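Accompanying notes for the structure given below.
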Amino acid sequence: MGFMNYVLAILLPPLSILLTGRPILSIVVFLFWVPALIFSGGLTHPMFVLLAWAIIFHAREDRRERF
């Protein structure tokens, strides 16, 4: 699921954050992501992709430390 979550982060960052196990953060990101897409014409989308990638990376590192 690791690689697929990175691909999903490009298309739908809030959903990919939800799949990492952070539902509250996913809702907050969604509430900012939709208006940002509408008002900026998609210019802020890379910022949310980078945020999702960072969260996925940290979640994988946390899992790696536990095992």
Please calculate the 1.4 Å probe accessible area of T20, with all protein chains present, and give it to the nearest 10 Å².
30
Show me, for the stretch 54-62, the HN-Hα J-couplings you get by feeding each phi into the Karplus relation (A = 6.51, B = -1.76, C = 1.60, θ = phi - 60°), rounded to Hz, glycine and proline as x.
5, 5, 4, 4, 5, 5, 5, 5, 4
Using a 1.4 Å probe on the protein chains only, how many percent of the accessible area of the chain belongs to carbon and sulfur?
76
All other residues with a Cβ under 14 Å from the Cβ of A54 taken together, and with Lys, Arg as +1 and Asp, Glu as -1, what is their net charge?
0
Rounded, prolate or oblate, given the Cα gyration tensor of the chain, with a/c below 1.5 counting as rounded?
prolate
Rolling a 1.4 angstrom probe over the protein heavy atoms, how many square angstrom per residue are accessible across the stretch 1-41?
66
Between helix 23-40 and the chain: long-axis angle, C-alpha atoms, 0 to 90°, nearest 10:
30
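The values are calculated or read from the model by the stated rules, or taken from the named source; none is laboratory data. Note that the structure is predicted; figures quoted are calculated from it, not measured. Here the Cβ is made from the backbone with ideal geometry for all residues, glycine too, and neighbour counts use every protein chain on show. Ligands, DNA and RNA are stripped out before the accessible areas are found, and what is left, the full protein with its side chains, is counted by its heavy atoms. Shrake-Rupley method; radii C 1.70, N 1.55, O 1.52, S 1.80 Å.
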